[in-house]
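Right, one structure below, let's go through it.
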Amino acid sequence: RMIGQIQVLGCHDFDASRAALLAERNAIARAADALQPRMVERGGGVRDVQVRDLGHEGHKYGRMLVVQLVIDTVDAMGANLINTTAEALAPMIERISGGRVRLRILSNYVDECLSRARVRIAPGALAADPVEGAAIIEGIVEAQAFAALDPYRAVTHNKGVMNGVDSVVIATGNDWRAIEAGAHAYAARHGQYGPMTDWSKDTDGTLVGSIELPMPVALVGAQIRIHPLTQVARTLLGASTARELGEVIVAVGLAQNFSALRALATDGIQKGHMALHARTLAAAAGARGEAVDRVARALVASGDIKLERAQALVLAEAG
């Protein structure tokens, strides 16, 4: 469910205007649906009309009403149709409220369009030694506590989540900036910025991870239809609905976060980062194909992960 917003200013009596708009909620919904008959035919349409009262007369920014259209856009992201609908309803909203309409646009904070994923991991899946596996779980739970209590850590925690989320969003032709903005806003919904994931330990010692994020993604739309790589990505994923795609995306974010926390709780993040950096240096030094892996391994083994060392190794390979 996506949200379109219509800003109403300059009401003579804001309370009376709000009451009038609420009384005409059904008429507003019908008018909105009439503007998008194909969406309604696909099973979508307006699901709610909300009226929010913001600010007050003595406030720095004054007082305003916001009419919010909660719209089921089915498998489309729906930005264009929401904006079109909000703009077309402006005269009706002005007539009912007696105020003047200014902004008419969708919101990228879609807390009624949430995707969730959950995983359970036994100690034995993390290490051959159950004691070692239990220690890894304890480390991950302690890392979660750090992110939950400290926004400085939560930002980095969530950056790792979005490494996974954004990759799938971009590959499927969706709007990663909108997803980023909405996800970070959702992470601050309780008044303090916090982690997008949750990791805890069951009574039997099993690691339990979960994630819940706004995920206004689409499987249909002009950009998705015309870009050949988005079609390849969609075929590989096998997602048949926008809901399934959202679930896949947050599952990747949860997996990405798990990998980072496991590294932090054991060897530290630099071991993996430096291995990736070694591959980058190997390629920059001129290595190609399978030689990239050989040079990268030699760089890591030498402990001297620098471009000059990579260039010398590439020359040795060539000679």
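The values are calculated or read from the model by the stated rules, or taken from the named source; none is laboratory data. As the structure is a computational prediction, the values presented were derived from the model and not from experiment. Neighbour counts are summed over all protein chains in view; Cβ atoms, including those assigned to glycine, are modelled from backbone coordinates with ideal geometry. In case anyone asks, the SASA skips ligands and DNA or RNA and just uses the protein heavy atoms, side chains included. Shrake-Rupley method; radii C 1.70, N 1.55, O 1.52, S 1.80 Å.
Overview of results
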item: P(r) tail fraction, the stretch 200-299 - alpha-carbon pairs more than 23 Å apart, %; result: 56 percent
item: Residue-wise HN-Hα coupling along the stretch 279-288, computed from phi with Karplus coefficients 6.51, -1.76, 1.60 (Hz; x: Gly, Pro); result: 5, 4, 5, 4, 5, 5, 7, x, 5, 9
item: Mean-position separation - Cα centroids, the stretch 163-216 and the stretch 275-294, in angstrom; result: 32 Å
item: The stretch 200-319 - charge dipole about Cα centre, Lys and Arg +1 at Cβ, Asp and Glu -1, debye rounded to 20; result: 300 debye
item: Residue-normalised accessible area of the stretch 199-319, given per residue in Å² at a 1.4 Å probe; result: 56 Å²
item: Computed over the stretch 1-150, the ratio Rg/Rh where both radii use C-alpha atoms and Rh is Kirkwood; result: 1.25
item: Average accessible surface area per residue within the stretch 46-155, 1.4 Å rolling probe, Å²; result: 53 Å²
item: Estimated dipole of the stretch 82-164 in Debye, rounded to 20 [Cβ of Lys and Arg +1, of Asp and Glu -1, Cα centre]; result: 580 debye
item: Size of the stretch 111-264 as Cα extents on the principal axes (Å, biggest first); result: 52, 37, 23
item: Test item: Cα-centred dipole of the chain, Lys/Arg +1 and Asp/Glu -1 on Cβ, debye; result: 740 debye
item: Surface share of carbon and sulfur [accessible, 1.4 angstrom probe, percent] for the stretch 44-158; result: 54 percent
item: Label-point separation in nm, ALA255 to ARG42, each point 7 Å along Cα→Cβ; result: 2.7 nm
item: Extreme residue, positive dipole direction of the chain, given options ALA233, THR197, ALA291 (C-beta unit charges); result: ALA233
item: Pairwise Cα inverse-distance average, inverted: Kirkwood Rh of the chain (Å); result: 23.0 Å
item: Length-normalised contact order for the stretch 56-202 - Cα pairs under 8 Å, 6+ apart - percent; result: 20 percent
item: Charge dipole of the chain about the Cα centre (unit charges at C-beta), most positive-ward option of GLY160, LEU9, MET274; result: LEU9
